[in-house]
Amino acid sequence: MLQQSPDWTRLPTDILVLIFSHLPFHSRYHASLVCTSWSHCFQSSQLWSRFTFWFYVPSHGAFVTGAKKYGHHMKHVYIEVDQRDAVNRTNACTVIRCLGELPERRLKTLKVTFIGTNPYFYAGGEFIDALMVLFGPVKDHCRMLHQLTDVDLSGLTVAYDDKLFDTLSENHKHIEKFDIQNRVLVCRVTPSCILRFVRQCTKLRDLRVFNYSLCEEVLLALTEGNRQPLEHFSVKCRRDEKYIKEIDDSAWNALSTHLPNLRVTLIFDHTCPFNKISDAMKPSIPVSELYLETFTYICDEVRQAATLYKDTLEKLVLQTPMSRTSSELNASLIILARDCKQLKSLHIYCVLNEETVNKILELCPYLKEHKTYTLKTS
């Protein structure tokens, strides 16, 4: 007996949605022409609730049509742009504006990422203008069914200012996750702006900003009543550390006491003044992840981390020019592996002695068992 071939036109809707969700816009459209049930799937709100826009080449401008026609279904939007081409930038900004001007808005999550390099002297003003439309007050003809709750602009290499985020916090008070740790060399977002943001957005669970944008008042505002407990706080320190006032350890102590389950990620990049690193590593900060991506000789700071964060440190990332010839670095890492009992991830981007690597894996069997380490011997 011949086996009957499956009837692909009668697949359950949830299966069709899953398949269609992996297709780019134009492929979804062509697939919808196969039969009536596939056409119904193409029109379903479930399919369009999560969507990624790609603007790598000018022909991807077809995505703009999708935003205009199906944007009212979209709840989670991710935009990737090769910003070297002006056409790509224009198309991406058109989509952002469109999402802000729809008759019905359900957008909860927004993530915008540049995948190329900025043109010379490019400041990104067009993206700031487009985001102002999206973050701004609802137009008279628009009905906002959901406010933004998750905004990730860490991949957008433009210079932000206070006005942009004041607009966001004034009109979207239910923000839960907020990330502005991008790669622009100069941060223009002031502590007063972040203070207003924190006081407006009382449901914040995950906050990721530059140390330049913080002050003691911001930390204390996070301890005020009638707000959701902050769960994760990421602080990145860069070249502008030399221009700011150091936050007193008492403010961090007040925050960590009020939020005993708070996890803090502390990041130092290669532009951070070396003499500011140890000062910024306060004893009262409950650091769970530490990134020492400084490309400097940093043995003392590793030992400092082993002392200050032995009860909280779960992940360390270290980038340094030091090598296996550095007995200080090898010894410091062994001390850290021995003392930090919560360590679950370790990534060291330099060559170490084989004995050191073996000792670290012996002290931290979790790393070897779950393969959550980078330790090179050659």
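Where a number appears in this text, it was derived from the coordinates with a stated rule and is not lab data. As the structure is a prediction and not an experimental result, all values here were calculated from the model. No Cβ is skipped: glycine too gets one built from the backbone with ideal geometry, and neighbour counts run over all protein chains shown.
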For a protection proxy built on the mean count of beta-carbon atoms within 10 angstrom, sort 16-23, 118-125 highest first, please.
16-23, 118-125
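F274: net charge of surrounding residues, Cβ under 14 Å, Lys/Arg +1, Asp/Glu -1, itself excluded? Numbers along the way, then the final one.
Details: positive: R238, R239, K242, K276; negative: E241, D269, D279, E293, D300, E301.
For residues surrounding F274, the net value is -2.
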Assertion target for R143, R227, ordered by fewest C-beta neighbours within 10 angstrom first, is R143, R227
Sort S213, S327, S44 by Cβ crowding within 10 Å, fewest neighbours at the top.
S327, S44, S213
Using a simple spin-label model with points 7 Å from Cα along the Cα→Cβ vector, what separation in nm is obtained for C350 and C35?
6.3 nm
Could you state the angle between the C-alpha long axis of helix 327-339 and the longest principal axis of the C-alpha atoms of the chain, as a value from 0 to 90 degrees rounded to the nearest 10?
70 degrees
So, over other residues within a Cβ distance under 15 Å of G100, counting Lys, Arg +1 and Asp, Glu -1, the net charge is +2
Along the Cα→Cβ direction, 7 angstrom out, place labels at D14 and D249. What is the inter-label distance in nm?
5.4 nm
Surrounding net charge for A130, when Lys and Arg each add one and Asp and Glu each subtract one, Cβ distance under 13 Å
-1
Between H76 and N226, how many nm apart are label points set 7 Å from Cα along the C-beta direction?
3.2 nm
Just the number: Rg to Rh for segment 37-86, Cα atoms, Kirkwood Rh, two decimals.
1.03
Proxy reagent accessibility, fewest Cβ within 10 Å first, across K344, K371:
K371, K344
With everything on Cα atoms, drop me the angle between helix 299-308 and the longest principal axis of the chain, reported from 0 to 90° to the nearest 10.
80 degrees
Enter the angle in degrees (range 0 to 90, nearest 10) between the Cα long axis of helix 249-258 and the first principal axis of the Cα atoms of the chain, meaning the one along which they spread out most.
60 degrees
Listed residue pairs exceeding 24 Å between alpha carbons, taken from K111/K236; K276/K368; K203/K344:
K276/K368; K203/K344
So who's got an amide H within less than 5 Å of the one on C272, skipping anything under 5 residues away but keeping other chains? H placed 1.01 Å off N, in plane.
R239
Quick check: residue separation of Y122 and K163 times 0.36 nm, minus the Cα distance between them. What number comes out in nm?
12.8 nm
Given unit charges at Cβ for Lys, Arg (+) and Asp, Glu (-), the dipole magnitude of the chain about its Cα centre in debye, nearest 20, is 840 debye
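Summarise the long-distance tail of P(r) for segment 16-66 by giving the % of C-alpha pairs beyond 18 Å.
27 percent
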Hey, for a label at R84 modelled as a point 7 Å past Cα toward Cβ, could you say which residues of segment 92-129 have their backbone N under 16 Å away?
114-122
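Set the Förster distance to 51 Å, then compute FRET efficiency between E170 and N358 from the Cβ-Cβ distance, nearest 0.05.
Step by step, r from the Cβ atoms, then E = 0.35.
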Binning at 5 Å from 0, report for segment 141-263 what percent of all alpha-carbon pair distances ends up in each bin.
2, 11, 21, 26, 20, 13, 5, 2, 1, 0
Per principal axis, largest first, the Cα atoms of segment 64-198 extend in Å by 38, 36, 22
Go through segment 15-23 residue by residue and turn each phi into a ³J(HN,Hα) via Karplus (6.51, -1.76, 1.60, θ = phi - 60°); whole Hz please, and just put x for glycine and proline.
5, 4, 4, 4, 5, 4, 5, 8, 9
Qualifying aspartates and glutamates (Cα of each under 13 Å from Cα of K139; at least 8 residues distant if same chain):
E101, E104
Under the Karplus relation with 6.51, -1.76 and 1.60 and θ = phi - 60°, whole-Hz ³J(HN,Hα) for segment 143-151, x at Gly and Pro, equal 10, 8, 8, 9, 8, 5, 10, 9, 10
I'd like the distance between the alpha-carbon centres of segment 21-90 and segment 306-343, rounded to an integer number of Å.
46 Å
When the Kirkwood hydrodynamic radius is evaluated over all pairs of different C-alpha atoms of segment 304-373, what value in angstrom, to one decimal, is obtained?
12.0 Å
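Counting each DSSP H run of 4 or more residues in the chain as -39500 (n - 2.57), what helix-only mean residue ellipticity at 222 nm follows after dividing by all residues, to the nearest 500 deg cm²/dmol? Each step should come with its number before you reach the end.
Values: 16 runs with 145 residues, N = 378.
That calculation yields -11000 deg cm²/dmol at 222 nm.
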May I have the convex hull volume per residue, in Å³, for the Cα set of the chain?
196 Å³
Could you derive backbone 3J(HN,Hα) for segment 160-169 from the dihedral phi with the Karplus parameters 6.51, -1.76 and 1.60 (θ = phi - 60°), listing whole Hz in sequence and x where the residue is Gly or Pro?
7, 9, 4, 4, 4, 7, 5, 4, 4, 5
